[in-house]
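Each remark here refers to the structure printed beneath this line.
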Amino acid sequence: MYTYNGLQLQIHPDVFHPGFFFSTKLLLSQLNTIPMKGKTLLEIGAGSGLIAMSAARNKAIVTATDINPVAVEYLYRNRIANNVNMNVLETDVFNGIPPTAFDIIAINPPYYKKNPENYAEHAWYCGENGEYFGKFFGNLGRYIHQETKILMVLCDGCDLEMIKAYGKKNHFSMNCICTKKNLVETNYIYSITTAA
């Protein structure tokens with residue numbers, strides 16, 4: 001069990017744990033600066049559901065997705081246990097999500113370069129050549145409108161130039177809006193916009 005700001009989450013060992021890593025809470029703190037009421041929010045790779053459920057509590061209309069069926073099962077469980085209304089989908093990045101223009105897209109992606117060998121490893125590994133980001137940026141345009149806010153958390157241990165190159169190839173630019181250093185790593189929040 002993990003408790004944060006009134007939410008009680010049951011977290012399976014095969015699911016990314018927000019209490020052990022700083023990235024989820026950093027992304028959540030940035031999202032908390034955005035008015036949520038009535039906004040549609042998509043969290044890709046929702047994992048524990050902390051971000052998605054926090055947004056839903058702030059009156060956003062939330063869709064939470066994950067490729068890991070265990071994560072999806074626990075998203076359902078935690079949604080019910082916390083009496084939170086949100087849509088939950090088992091999907092690989094955007095696969096299976098009908099094209100919809102969301103107001104906010106939040107993502108704490110896998111960013112280490114290795115091919116994931118099981119569902120749990122999808123939380124960490126983006127493929128040997130960063131294929132995850134090819135899928136993300138290649139389909140992102142079908143899920144946004146002119147005012148969509150897209151926030152992604154990354155760290156100094158990932159190949160930032162590779163990720164930016166995938167964005168540029170698909171006509172997106174990445175702007176670092178927050179940097180936070182801890183004892184282990186430096187995390188960054190990027191705002192993603194369509195390139196001019």
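The values are calculated or read from the model by the stated rules, or taken from the named source; none is laboratory data. Just so it is clear, the structure is predicted and the values come from calculations on it, not from any experiment. Neighbour counts run over all protein chains shown; Cβ positions are idealised from the backbone, glycine included. Please note that ligands, DNA and RNA were not included when accessible areas were found on the heavy atoms of the full protein model with its side chains. Shrake-Rupley method; radii C 1.70, N 1.55, O 1.52, S 1.80 Å.
First select every other residue whose beta carbon is under 15 angstrom from the beta carbon of residue 156; then total the charges, Lys and Arg +1, Asp and Glu -1. Please report the intermediate quantities before stating the final value.
Working: positive: 113, 164, 180, 181; negative: 159, 161, 185.
Summing Lys/Arg as +1 and Asp/Glu as -1 gives +1.
Once Cα extents along the principal axes in Å is worked out from the coordinates, which option in (1) 42, 34, 33; (2) 43, 39, 29; (3) 57, 35, 25 does it equal? Checked against the structure: label (1). Of all beta bridges that DSSP places with both ends in the chain, some 50 percent have antiparallel geometry.
Per-residue 3J(HN,Hα) values for the stretch 113-128, derived from phi via the Karplus relation 6.51 cos²θ - 1.76 cosθ + 1.60 with θ = phi - 60°, read 7, 6, 7, x, 9, 8, 4, 4, 6, 5, 6, 10, 10, 9, x, 4 Hz in sequence order (x marks Gly and Pro).
Loop-located chymotrypsin sites (Phe, Trp or Tyr not before Pro) across the stretch 100-196 with a Cβ neighbour count of 15 or fewer within 10 Å are 124, with loop assigned by DSSP. Evaluated with a Cβ-only charge set (Lys, Arg +1; Asp, Glu -1), the chain carries a dipole of roughly 700 debye about its Cα centre, given to the nearest 20.
Please return the longest range in the chain lying between exposed loop sites, taking trypsin sites (Lys or Arg not before Pro), DSSP loop only, at most 16 other beta-carbon atoms within 10 Å, and leaving the sites out.
Working: sites that count: 37, 59, 113, 114.
The reported range is 115-196.
Determine the share of the stretch 115-196's accessible area contributed by carbon and sulfur atoms, expressed in whole percent, with a 1.4 angstrom probe. For the stretch 115-196, the apolar C and S fraction of the accessible surface comes to 48 percent.
Restricting attention to the stretch 79-196, the count of lysine pairs at 8 or more positions apart or across chains with alpha carbons under 23 Å apart stands at 20.
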